[in-house]
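Here is the structure we will look at, set down as structure tokens.
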Amino acid sequence: MSTPVRVLVCDDQVLIRTGLATIIDAQPDLEVAGECGDGQTAVDLARKLRPDVVVMDVRMPVLDGIEATRLLAGAPVAHPVKVLVVTTFNLDEYVYEALRAGASGFLLKDAPPDRLLHGIRTVAMGAALLDPDVTRRLVGRYAARIRPPRGTPQDIPLTPRETEVLRLIADGLSNSEIAAALVISPETVKTFVSRILTKLGLRDRVQAVVYAYRHGLVT
């Protein structure tokens, strides 16, 4: 039997935290490694317990979820922890900052339990979790901020086909949707995505989306 995915649940609202933990612990392939109600404790516990996934609220006392995410999964971190941010629609800006800080994905707090569980499993496997509609709305809203000041795309080390795939990733399309759009196989798309991430030094699709907007590939 495989080892369960260990999850650290961080939310300052006790009812929400307890609810998340109960849902997670009820799954045979998941287990709650710990719980906490502030960002600093989240960082301390994650470094101590080394969970597979941290479910992180954005607004928390002592240290907010964005800074906690940066300390656990930011670019300079030698051994990053996978972070799944949970938030509400009216916190778009915070979610964007959390993704820049290194989060592997995000979910809305009103998402059904099965979507939460799917999100945890997806992030645990090393994939990014992006809701296409929310991603377009979220990153599109802040594209002006992350694009170079002069607004001109920088040279990127990708082939035209790879650039096309990157644009579709930034549009929130899944591998199967990209395959259908370009009339190629999903396996070929996976190869393209892997090459793109390797060439650009990116960890996952979340970073690829931010990269595409930052370099003016998507408007």
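Bear in mind that the values in this text are calculations on the coordinates, not laboratory data. Keep in mind the model is a prediction, meaning the values are calculated, not measured. Cβ placement follows ideal geometry from the backbone for every residue including glycine, while neighbour counts extend to all protein chains displayed.
Shape class for the stretch 145-214: prolate, because the ratio a/c of the largest to smallest gyration tensor axis (alpha-carbon atoms, square roots of eigenvalues) is 1.5 or more and a/b beats b/c.
Using the Cβ-Cβ distance between LYS199 and ALA75 with R0 set to 25 Å, the FRET efficiency from 1/(1 + (r/R0)^6) comes to roughly 0.90.
Full extension of the chain between ALA180 and ALA26 gives 51.8 nm of extra length, using 0.36 nm per residue less the Cα-Cα distance.
May I ask you to list the lysines whose Cα is less than 24 Å away from that of LYS48, ignoring any residue fewer than eight positions away on the same chain? Cα-Cα hits under 24 Å: LYS82. Count the net charge of all other residues whose Cβ sits under 12 Å from the Cβ of THR191, scoring Lys and Arg as +1 and Asp and Glu as -1. It works out to a net charge of +1. In the frame of its principal axes, the stretch 5-129 has Cα extents of 34, 31, 26 Å, reported largest first. Protection proxy ranking, highest mean first, for peptides 18-29, 104-115: 104-115, 18-29, where packing is the per-residue count of other beta-carbon atoms within 10 Å, averaged.
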